[in-house]
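Visitor: The structure under discussion is supplied below as structure tokens; questions concerning it will follow.
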Amino acid sequence: MYLPRRPRSLAGQLFAMQAVLVAAIVAGCAVFAYLSDRDQANETAARQVQAAGRAVADSPSVRDAIRTSDPSALLQPYAERVRLDTGVDFVTIMNPQRIRWTHPDPRQIGMPFIGRTAPALRGRTFTETYTGTLGPSIRVVTPVRDGGRITGLVSVGITVDRISTQVAHQLKLLTLAAGAALLLGGLGTYVINARLRRHTHGMNAAELSRMHDYHQAALHAVREGLLMLDGARRIALINDGGRELLDLDDSAVGRSVAELGLPSPLTGALLASEPRVDEVHMTDDRIVVVNTRPVVGGERRGTVITLRDHTELQALSGELDSERGFTQALRSQAHEAANRLHTVVSLIELDRVQQAVEFATAELELAQALTDRVVGAVGEPVLAALLLGKAAQANERGIELVLTDDSRIDDGVLPSTLPARDLVTILGNLIDNAMDAVRDGGAGRDGARVFVTALVDDGQLLLTVRDTGTGVAPGDVDVVFRRGWSTRGPGRGLGLALVRQAVHRAHGTVSLVRGTEGAGDGSRGAEGAGDGSGGRSAEGAGGGAEFTVRLPLGAVVAPRDSVETSS
């Protein structure tokens, strides 16, 4: 079976390309060096023969020897000595008629000189490449002057074979240098590409491109947040989920985590050097679960961070707790109803019919009065159901839940942009917090009350919850809305943090009045919520803390600090 051949890895392709490139560069440099050396050798030879020829032509002993009757006897030894001393191949001295007086081969003495002499006879020194008795050579021909007359000619030359021998020797050295350069270049290329192969895991260009496409698609497809920090704690990568959960834009890439304006506990978790597992942190709008894992490869290279949105799950958990409370209250009411029914039956058996009717109708009137009060004042079904459930839960705990007289919310007033779940989160947690405060404060049955006001006022939904507990300690006013703050021990302290978060999402405000002692007629007290909203008190009630929430019902306004406090 034929299996398609896997394309060479990216590192292998780059190695082949770089090896060819290095070889081409080295070969080109070698050819260039060879040609340069050859030209330089020819130029050097020409300068060498020119210097030797002019030195011989200017020598007084040469001029004196020419005047004798037998110039060869004196000039031949002199010419050979100069040839050996200067390293040239021949020194030929001749008369103006081109008859040689000297030659390296004595047999050529007296023979005509082979080559041009006309320019020298006109008094000019010239250089040429010519083939003579010794073969091709680079030669110079220069005149010998005696009293203004040209009495002889001097030709000095170096054969081309000798120059080629010198160039061949240099070429060997050049070849060795080129081979060494090619070897070093190949080794360097191999080392670099071996490292590249490790980093690319032996994948080829198509596989890397495909992995990049999958990588980008996966980042955008994953709903959870994903951040990657480099070694300097700067954001190197963030997906769409991460931007949404942390409320960041594209400019976050390349910035340090400390510059993003995130809550301090969350920033500390993202910058931590040790791994973090399933830590729960709060932003202004969300509850996120954070997991971090440092990327270590000999040194700290960065951190991989995943974020999961825990907001809806936490809200559902709170609703489940409320449902459990409702279930317990209904179970207790059913048990109490059974006791009351037995009492009514027993009164009838005792022929106390009138007392049985009075006992039964008194309980029914009390429950119906509360239902009528809530349904008549609050037309919003979700809030009405929540208040009835909380009233039953409060009654089970020995607390009276009072809906103030000025409460009024008609059905259809609340816009669709204000989620019912957020309303349940806000009002439900405030009432639960108030009931806990009343119970922990140790108030008796008659003094254990929670007052709730719900109305639409000046284009805003106003929710106020006040209790008759001991209030908030002065040192806790600024921290009550932080996650984890609670006077009831560890594992609690999430309700008010969820309230602040839901209020922030709705672009509203929540304010706290630490104590409301002295309000005694059910009217709006001047101590209020710190912004003129005013608190509400029922007659005879005192103490406790008051929380006031204002949520805009019209156009969404710019977000601002959602928490205000007042003593």
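The values are calculated or read from the model by the stated rules, or taken from the named source; none is laboratory data. Being a predicted model, the structure only gives us computed values, none of them experimental. Positions of Cβ are generated from backbone atoms using ideal geometry, with glycine treated the same way; all protein chains shown enter the neighbour counts. The accessibility values were calculated without ligands, DNA or RNA, using every heavy atom of the protein model including side chains. Shrake-Rupley method; radii C 1.70, N 1.55, O 1.52, S 1.80 Å.
Visitor: ³J(HN,Hα) across region 404-411 via Karplus (A = 6.51, B = -1.76, C = 1.60, θ = phi - 60°), whole Hz, x for Gly/Pro?
Guide: 5, 5, 8, 6, 6, 9, 7, 5
Visitor: In whole percent, what relative contact order does region 41-157 give with Cα contacts below 8 Å and a gap of six or more residues? Mind showing how you got there, number by number?
Guide: Details: 205 pairs, mean separation 34.9, N = 117.
Here the relative contact order equals 30 percent.
Visitor: Could you put S251, S416, S256 in order of accessible surface area, largest first, with the 1.4 Å probe and the full protein assembly present?
Guide: S416, S251, S256
Visitor: Leaving out ligands, DNA and RNA, and with a 1.4 Å probe, what % of the accessible surface on region 65-141 is carbon or sulfur?
Guide: The computed percentage sits at 55.
Visitor: What ³J(HN,Hα) values, in whole Hz, does the Karplus curve 6.51 cos²θ - 1.76 cosθ + 1.60 give for region 375-392 when θ = phi - 60°, with x put for Gly and Pro?
Guide: Those phi angles translate into 5, x, 8, 10, x, 6, x, 5, 5, 4, 5, 4, 5, 5, x, 5, 5, 5 Hz.
Visitor: Right, another one. Taking a ≥ b ≥ c as the square roots of the Cα gyration tensor eigenvalues, with a/c under 1.5 meaning rounded and otherwise prolate when a/b beats b/c, else oblate, which class fits region 220-290?
Guide: rounded
Visitor: Using a 1.4 angstrom probe with every protein chain in place, what is the largest-first accessible-area order of H212, H507?
Guide: Result of the area sort, largest leading: H212, H507.
Visitor: For N239, what residues show an amide H to amide H distance below 5 Å, using hydrogens built from the backbone and excluding near sequence neighbours?
Guide: L226
Visitor: Also, I was wondering about something else. Skipping prolines and chain starts, which residues have an amide H placed within reach, meaning under 5 Å, of the one on S137, given they are 5 or more residues away or on another chain?
Guide: Here Y130, T131, G132, V160 satisfy the definition.
Visitor: What accessible surface, in Å², does a 1.4 Å probe find on L184, ignoring ligands, DNA and RNA and rounding to the nearest 10?
Guide: Counting only protein heavy atoms, the figure is 120 Å².
Visitor: What are the ³J(HN,Hα) couplings of region 48-55, residue after residue, when phi is run through the Karplus curve with 6.51, -1.76, 1.60 and θ = phi - 60°? Round to Hz, x for glycine and proline.
Guide: 5, 6, 5, 4, 5, x, 5, 5
Visitor: Here's something else I'd like to know. Provide the solvent-accessible area of E279, counting protein heavy atoms only and rolling a 1.4 Å probe, rounded to the nearest 10 Å².
Guide: Answer for E279: close to 50 Å² accessible.
Visitor: Given points 7 Å out from each Cα along the Cα-Cβ axis, report the V295 to A420 separation in nanometres with one decimal.
Guide: 4.6
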